[in-house]
1. Out of all the residues in the stretch 56-66, which are among the β-branched types (Val, Ile, Thr) and exposed (fewer than 15 other Cβ atoms within 10 Å of the Cβ)?
2. Looking at the stretch 41-66, I want the residues that are closer than 11 Å to ILE31 by Cβ and have a partner that is acidic (Asp, Glu) and open to solvent by 40 Å² or more (accessible area, probe 1.4 Å) with Cβ atoms under 9 Å, at least 6 apart or on another chain. Which pairs are those?
3. Of everything in the stretch 15-55, what is at pLDDT below 85, over 15 Å from the mean Cα position of the chain (by Cα) and either of a type in the set (A, V, I, L, M, F, W, C) or open to solvent by less than 60 Å² (accessible area, probe 1.4 Å) (or both)? Give them in sequence order.
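The values are calculated or read from the model by the stated rules, or taken from the named source; none is laboratory data. Remember, it's a predicted structure, so these values are computed and weren't measured experimentally. Quick reminder, even Gly has a Cβ in these numbers, built from the backbone with ideal geometry, and neighbours come from all protein chains shown. In case anyone asks, the SASA skips ligands and DNA or RNA and just uses the protein heavy atoms, side chains included. Shrake-Rupley method; radii C 1.70, N 1.55, O 1.52, S 1.80 Å.
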Amino acid sequence: MSARTCRYSIGYRKTVSYPLPGPPPNPADAINGALERLDGLENVPLAEHVARFDAVHATLTDALSSIDKV
């Protein structure tokens with residue numbers, strides 16, 4: 001679910017999604033925020049690097065795919 005979509009359940013089985021009002025989020029903000037999470041990585045234990053890279057990759061994938069409306 002994106003930051004601009006609200007979902008709620010109707011009954012037991014149906015989920016409805018609808019866009020939230022307002023301007024769409026700026027993908028550049030998400031990209032910059034993701035890259036900032038890599039700052040200070042040298043001070044993070046090596047065992048936590050994979051989780052950090054996965055989170056950054058997911059954020060970048062979402063932000064970049066929203067640019068082309070993919």
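1. Of everything in the stretch 56-66, just one residue is among the β-branched types (Val, Ile, Thr) and exposed (fewer than 15 other Cβ atoms within 10 Å of the Cβ), namely THR61.
2. Short answer, once both residue conditions are applied: ALA63/ASP29.
3. Listed by number, the residues that qualify are VAL16, LEU20, GLY22.
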